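See below for the structure under consideration.
Derivation of every value follows stated rules applied to the coordinates shown; laboratory data play no part. Fair warning: this is a prediction, and the values are worked out from it, not measured in the lab. Glycine gets a Cβ as well: all are built from the backbone with ideal geometry, and neighbour counts include every protein chain shown.
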Amino acid sequence: MTITNRAVPLLHRKEWQMMTPAPVATAAGSFVIHDVDDVDNLALLVASATVHYLYHHDEDAWVQIPSGALAGTFGAGACGARLRWSAPVTANGGTTTTITTTAAITSLAIGRTVRMLTGTAANIGQERTVASVLITPGGTSGVPMAVLAAPCLDGDVVGVLELVRESSGFGFDDVETASMLADIAGAAMSDTVTPPAPPSPEQLAAALAALAGRDPRRYADVARVVAGLV
């Protein structure tokens with residue numbers, strides 16, 4: 001009988017494959033740099049201080065790029081690492097939650113970390129997470145720190161609860177807590193809802209104690225908000 005092979009090759013099958021070799025022979029002092037987070041699908045071959053190649057994993061191809069004219073002499077054991085936003089940028093203004101600069105900053109900076117290298121003693125060494133980038137006419141880029149906003153709802157949006165964190169970003173627990181507080185604020189600001197009587201100090205203390213035992217992380221967020229209001 002006649003047998004027809006109808007097998008379909010598997011996509012992305014896990015197997016060893018020979019990749020395109022480097023276009024130049026490696027030597028003492030040459031090295032490869034790649035993104036350890038695997039966000040960018042490129043690798044950089046530094047063959048010397050003036051000869052560099054980019055490798056694209058999906059295309060399995062190399063392309064020579066212009067010389068970086070790197071300083072120094074590369075010898076055996078030389079290596080490199082990929083760092084995001086490693087170039088220094090000068091700030092020409094800002095507030096406690098924003099940085100203003102005339103440097104070319106784009107939305108690619110969102111989620112990245114900014115480290116203060118100079119300035120007041122209290123700021124040197126501090127790190128902040130970029131929450132958004134605002135580019136205004138004239139080329140000035142504003143870089144606010146981590147900001148979390150939640151709508152205060154009561155059928156319609158009656159307000160916005162905005163939280164700013166200077167030291168780090170926000171997590172899912174923070175979003176849940178902010179949403180809960182925004183719902184409470186929305187009901188309190190509504191003209192059509194009669195607000196319930198506030199709990200007594202004893203009732204509030206008992207509720208906070210119960211929350212601390214049930215969910216310590218959520219209690220910490222609520223306690224910080226309450227402490228900031230009293």
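For the reader, a short list of remarks on this structure follows.
- Sequentially through the range 48-54, phi angles give Karplus couplings (6.51, -1.76, 1.60; θ = phi - 60°) of 6, 5, 10, 10, 9, 10, 9 Hz, Gly and Pro residues having no value and appearing as x.
- Each of 15, 59 was scored by other Cβ atoms within 10 Å of its Cβ. Listed from fewest to most, they are 15, 59.
- Burial ordering of 79, 152, fewest other beta-carbon atoms within 10 Å first: 79, 152
- Per-residue Karplus couplings for the range 116-125, computed as 6.51 cos²θ - 1.76 cosθ + 1.60 with θ equal to phi - 60°, are listed in order as 7, 9, 9, x, 5, 4, 6, 8, 4, x Hz, Gly and Pro entered as x.
- With neighbours defined as other Cβ atoms within 10 Å of a residue's Cβ, the residues 16, 62 order from fewest to most as 16, 62.
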